[in-house]
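Comments concern the structure below.
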Amino acid sequence: MSLLMDTRAADIRADRHPAPPTDGQLVRFTLDGDRSAFDQLIRRYQRQAVAVSYRLLGNVQDAQEVTQNAFLKAFTSLASLQKHEAFAGWLMRIVSNLSLNFRRGRKTRETLSLDDALGTADRASQNLVAAGEATIRDGNPLHRLQSQEMGERLQKALDQLPDKQRVAIIMFTMEEMSQKQVAAAMKCSVEAVKWHVFQGRKRLKELLKEHL
């Protein structure tokens with residue numbers, strides 16, 4: 001009797017707290033005309049999309065612009081996604097491609113002003129904590145200075161990596177995406193992801209060896 005009651009209680013709790021819809025379900029709902037389903041996908045992946053774009057571009061305004069364009073492109077191209085559950089990797093591929101294209105185009109435009117450059121450096125120190133530098137929220141001014149300097153050096157080192165290595169490092173190491181998701185985003189094999197991450201880490205160690 002007690003086992004039956006426990007099972008029923010578990011069923012009741014499950015009904016009260018249903019599991020959130022999967023990416024695949026939200027994609028199907030969107031294709032069926034439910035725009036709110038795509039809004040859920042935006043909320044689910046907006047932070048990660050902006051983070052990936054930011055680390056490729058080093059400018060938060062550019063990253064936000066690219067991310068908006070990426071979600072718009074994802075929405076208009078959603079019917080072309082064959083595996084609905086692979087939405088995350090597919091979206092990050094759009095984000096990374098648009099970011100790299102934006103980055104190449106930006107080189108032909110005027111360079112950042114001094115104020116913009118200083119602002120970008122400060123934001124880099126705040127957003128690259130996950131990559132391993134000391135926390136910026138530490139009350140020690142020396143630690144904050146060291147964190148800012150390390151954030152700037154890391155961003156500059158990332159900028160020197162080949163595109164594939166940089167994307168793999170950002171997605172796998174910094175954003176902690178699975179190798180399978182990164183492979184989907186980069187449209188390559190898992191083994192290729194491992195290789196790009198290995199080579200990227202090796203190159204970063206060389207670039208940062210004087211500061212580690």
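Output the residue which, of all residues in segment 74-84 that are part of a helix (DSSP H, G or I) and either among the hydrophobic types (A, V, I, L, M, F, W, C) or within 12 Å of VAL95 (Cβ to Cβ) (or both), is nearest to the chain's Cα centre (by Cα).
Just the residues of segment 74-84 that are part of a helix (DSSP H, G or I), to begin with: 74-76, 78-80, 84.
Those still in the list that are either among the hydrophobic types (A, V, I, L, M, F, W, C) or within 12 Å of VAL95 (Cβ to Cβ) (or both) too: 74-75, 78-79.
Values: ALA74: 15, PHE75: 18, LEU78: 20, ALA79: 23 Å.
Here the answer is ALA74.
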Filter segment 29-73 for residues that are of a type in the set (Gly, Ala, Ser) and assigned to a helix (DSSP H, G or I) and give the result.
-> SER36, ALA37, ALA49, ALA51, SER53, ALA63, ALA70
Out of (1) over 26 Å from LEU161 (Cα atoms); (2) in contact (Cβ under 8 Å) with a residue 60 or more places away in the chain, what's the single condition that is false for TRP90?
-> (1)
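Just to be sure I understand, how many residues within segment 60-87 are crowded, with 22+ Cβ neighbours inside 10 Å and farther than 25 Å from PRO21 by Cβ? Break it down stepwise before answering.
First, pick out the residues of segment 60-87 that are crowded, with 22+ Cβ neighbours inside 10 Å: 63, 66-67, 70, 74, 87.
Then drop every residue that is not farther than 25 Å from PRO21 by Cβ, which leaves 63, 66.
Number satisfying all stated conditions: 2.
State all residues of segment 181-212 that are basic (Lys, Arg) and over 22 Å from LEU98 (Cβ atoms); if no residue qualifies, say none. Walk me through how you get there before you give the answer.
First pass over segment 181-212, keeping only residues basic (Lys, Arg): 187, 194, 201-203, 205, 209.
Hits for segment 181-212 are LYS194, ARG201, LYS202, ARG203, LYS205, LYS209.
No value in this document is a laboratory result; all are computed from the given coordinates. What you see is a predicted model, and the numbers here were worked out from it, not measured in a lab. Counting neighbours? That spans all protein chains shown, and the Cβs are built from the backbone with ideal geometry, glycine included.
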